[in-house]
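The values are calculated or read from the model by the stated rules, or taken from the named source; none is laboratory data. As the structure is a prediction and not an experimental result, all values here were calculated from the model. Backbone-built Cβ (ideal geometry, glycine too); neighbour counts: all protein chains shown.
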Amino acid sequence: MQIILLEGMNKLGNAGEIVNVKSGYARNFLIPQKKAIIANKKNKEDLQSKMNQINANNEKKINEAKSIKDQLEGFKLRLEMEANEDGALYGTINPKHIIQEINQNFTFNLVTDNLILGSIKSTGIHSLDLRLYDNLMAKIELEVTKKN
């Protein structure tokens, strides 16, 4: 019996895939548990339209992320922090502060989840990664200087 998986199953496949299973397994477990539906013509058409819609949305998000990446390339952010004579910071640099500074300089809005921030404990120039979409990353430079 052919079914369409509504959620990923370890040994069967991923959500949205059409797979063959024994009819008893489908009728007694997968369909009542709402883990799958029967792969008839109507359900296949519905699946195809949903997949087309998802692909269109993903394509739109990828294009937006590429546009943001082009704007961010080469961007240098400068922050002044309290530091001792050796350049060690007294406070910490948090992602919220960095994202606020970036959002003030551009028309788009990023969230703190976009920023991959290691520990910054000294003044100087640091490289930061921003995850814009899946594997699409942008690099910016952060210059931390001592506050007078």
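Determine whether ASN58 is of a type outside the set (Lys, Arg) and over 30 Å from PHE106 (Cα atoms).
Values: of a type outside the set (Lys, Arg): yes; over 30 Å from PHE106 (Cα atoms): no.
So ASN58 does not fit the description; no.
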What pairs can you find where one residue is in the stretch 105-131 and at positive phi, the other is in a loop (DSSP other than H, G, I, E, B), and their Cβ atoms are less than 8 Å apart, with a gap of 6+ or different chains? GLY124/GLY87
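Condition check: out of contact with any strand residue (DSSP E or B) (no Cβ under 6 Å at 6 or more places or on another chain), more than 30 Å from ILE3 (Cβ to Cβ) and either at pLDDT 90 or above or not in a strand (DSSP E or B) (or both). Does ILE93 satisfy that? Steps first, please.
Numbers: out of contact with any strand residue (DSSP E or B) (no Cβ under 6 Å at 6 or more places or on another chain): yes; more than 30 Å from ILE3 (Cβ to Cβ): yes; either at pLDDT 90 or above or not in a strand (DSSP E or B) (or both): yes.
The answer is yes for ILE93.
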Looking at the structure I just gave you, is ILE102 closer than 22 Å to ASN63 by Cα, assigned to a strand (DSSP E or B) and touching a Phe, Trp or Tyr at 6+ places or on another chain (Cβ under 8 Å)? no
Listed by first then second residue, the pairs whose first member lies in the stretch 68-92 and is without any contact (Cβ under 8 Å) to a residue 12 or more places away in the chain, whose partner is of a type in the set (D, E, K, R), with beta carbons under 8 Å and at least 6 positions apart or on separate chains, are TYR90/GLU82; GLY91/GLU82
